[in-house]
Amino acid sequence: MNAATAWREALASWAIPQPILDAAPEPPWVFPVELFASRADASTATPDVTPSNRRALEALTEGGSVLDVGCGAGAASLPLARRARLLIGVDASADMLAAFAERADAAGVASEVIEGVWPDAAATAPEADVVVCHHVAYNAPYLDAFARALTEHARRRVVMELTATHPLSTMNELWVRFHGLARPDRPTADDAQAVLREAGLEPAREDWVADGSGGFARREDLVAFVRLRLCLPATRDEEIARAIEPAVQLRDGRYGFGGRRVATLWWPGYEARRAT
Ligand SMILES: C[S@@+](CC[C@H](N)C(=O)[O-])C[C@H]1O[C@@H](n2cnc3c(N)ncnc32)[C@H](O)[C@@H]1O
């Protein structure tokens, strides 16, 4: 089996069994704007740059443009605002795009937003000097086509950040505890790298630990988020709160689960590829 098919099948194995989905009071797959807005705010709160920011800044000349795919509230691109002329955000969620545009305004950088699902949205997205895409890969079953479309929109470089293991794997023990269900352990960042290689993109890689900044202002909202993901009713909140208590961290006034191992993958954009 090739790496792209293995990626797609491993992602499909995360499907929640239909009887659990049918009993869920709400859809489990939402991305809460508060969580990603606080990530974006934390990303610009300190002058420190992450390995992903550093790789993007290396390729971004003064006054250049950045395309942020699956931008959320802008955690991947806002740290580049001091050098960029324009940030373009693509996201499937209009609420995320509103949070992104508000933060770009506050940072004093021009922005454009495109509501749509990548790579379909690629047809209406402009090219940029640097394309960044953080924490979206595990939402992309066709990662090869997804990454090729990123490359076709990047003149100089693509920078992708993803967790070393599936973002939901931190809840695997909770699935066993509340549903008696073992969850998968693939795909991983290694698998993503294999897909990119197979697509001829030759990514470089740096592994590091992200500090886990961002989260919920109220502990009960973190509990509600976990409850949603686990397809449980609000009547289980006390039990959920007890189960997650040892892992909960309070950081800069926000409740979350702390740091995670992540990988930064970067590769040349289409102009840089032509030049080599
Ligand atoms: C986990 S969040 C990451 C947000 C941001 N990049 C960050 O690092 O904080 C994933 C975001 O990507 C968006 N998204 C997921 N799949 C997408 C796709 N195929 N095309 C466009 N947006 C997508 C979601 O709406 C969400 O805002």
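Check off (1) more than 14 Å from the ligand (Cβ to nearest atom); (2) closer than 16 Å to Arg157 by Cα; (3) surrounded by fewer than 24 Cβ atoms within 10 Å (Cβ to Cβ) for Asn53 and give me the number that stays unchecked.
(1)
Among the residues of region 80-102, write down those that are touching an Asp or Glu at 6+ places or on another chain (Cβ under 9 Å), more than 11 Å from the ligand (Cβ to nearest atom) and not aliphatic (A, V, I, L, M).
Correct list: Arg83, Arg85.
Would you check which residues across region 246-268 are touching a strand residue (DSSP E or B) at 6+ places or on another chain (Cβ under 7 Å) and either under 21 Å from Ala204 (Cβ atoms) or of a type in the set (A, V, I, L, M) (or both) and list them?
Val248, Arg260, Arg261, Val262, Ala263, Thr264, Leu265, Trp266, Trp267, Pro268, listed by residue number.
To keep it simple, each residue is scored yes or no on (1) surrounded by fewer than 16 Cβ atoms within 10 Å (Cβ to Cβ); (2) touching a residue at least 24 places away in the same chain (Cβ under 8 Å); (3) of a type in the set (Ser, Thr, Tyr).
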| position | (1), (2), (3) |
| --- | --- |
| Arg177 | yes, yes, no |
| Thr188 | no, yes, yes |
| Ala194 | no, yes, no |
| Gly212 | no, yes, no |
| Val223 | no, no, no |
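If you scan region 249-276, which residues turn out to be closer than 30 Å to Ala192 by Cα, at pLDDT below 95 and aliphatic (A, V, I, L, M)?
Across region 249-276, the qualifying residues are Ala272, Ala275.
For Ser65, indicate whether it is more than 9 Å from the ligand (Cβ to nearest atom) and of a type in the set (Ser, Thr, Tyr).
yes
Condition test on Val132, is it away from the ligand (no atom under 11 Å from the Cβ), at pLDDT 95 or above, in a strand (DSSP E or B) and touching a helix residue (DSSP H, G or I) at 6+ places or on another chain (Cβ under 9 Å)? So that I can check it myself, show each step before the final result.
Values: away from the ligand (no atom under 11 Å from the Cβ): no; at pLDDT 95 or above: yes; in a strand (DSSP E or B): yes; touching a helix residue (DSSP H, G or I) at 6+ places or on another chain (Cβ under 9 Å): yes.
No, not satisfied.
Might you check whether a residue that is within 28 Å of Val223 (Cβ to Cβ), out of contact with any helix residue (DSSP H, G or I) (no Cβ under 8 Å at 6 or more places or on another chain) and charged (D, E, K, R) occurs anywhere in region 54-69?
Looking through region 54-69, none of the residues is within 28 Å of Val223 (Cβ to Cβ), out of contact with any helix residue (DSSP H, G or I) (no Cβ under 8 Å at 6 or more places or on another chain) and charged (D, E, K, R).
Can you pull out every residue in region 150-164 that is within 10 Å of the ligand (Cβ to nearest atom) and either in a helix (DSSP H, G or I) or of a type in the set (D, E, K, R) (or both)?
Across region 150-164, the qualifying residue is only Glu161.
Only one residue in Thr44, Thr5 is in a helix (DSSP H, G or I), under 24 Å from Ala128 (Cα atoms) and β-branched (Val, Ile, Thr). Which one?
Working: Thr5 fails: under 24 Å from Ala128 (Cα atoms).
Result of the check over Thr44, Thr5: Thr44.
Do we find a residue being in contact with a Ser or Thr (Cβ under 8 Å, 6 or more places away or on another chain) and closer than 23 Å to Ser38 by Cβ anywhere in region 94-102? Reasoning before the result, please.
Keep residues of region 94-102 that are in contact with a Ser or Thr (Cβ under 8 Å, 6 or more places away or on another chain), which gives 100-101.
Filter once more, so that each one left must be closer than 23 Å to Ser38 by Cβ: 100-101.
The answer is yes; a qualifying residue exists.
With respect to Glu206, determine if the residue is within 16 Å of the ligand (Cβ to nearest atom), among the acidic types (Asp, Glu), assigned to a strand (DSSP E or B) and in contact (Cβ under 8 Å) with a residue 60 or more places away in the chain. Give the steps one after another, and end with the answer.
On the way: within 16 Å of the ligand (Cβ to nearest atom): no; among the acidic types (Asp, Glu): yes; assigned to a strand (DSSP E or B): yes; in contact (Cβ under 8 Å) with a residue 60 or more places away in the chain: yes.
Taking the combined requirement at face value, the residue does not satisfy it.
What are the pairs, 6+ residues apart or on separate chains, where a residue within region 86-104 that is more than 17 Å from Cys133 (Cβ to Cβ) and modelled with pLDDT under 95 has its Cβ under 7 Å from a residue that is within 11 Å of the ligand (Cβ to nearest atom) and hydrophobic (A, V, I, L, M, F, W, C)?
Pairs found: none.
So, in region 105-119, exactly how many residues are farther than 19 Å from Ala145 by Cα, out of contact with any strand residue (DSSP E or B) (no Cβ under 6 Å at 6 or more places or on another chain), without any contact (Cβ under 8 Å) to a residue 40 or more places away in the chain and of a type in the set (Gly, Ala, Ser)?
2
The values are calculated or read from the model by the stated rules, or taken from the named source; none is laboratory data. All values reported here derive from a predicted model rather than from experimental measurement. Cβ: placed from backbone, ideal geometry, glycine included. Neighbour counts: every protein chain shown.
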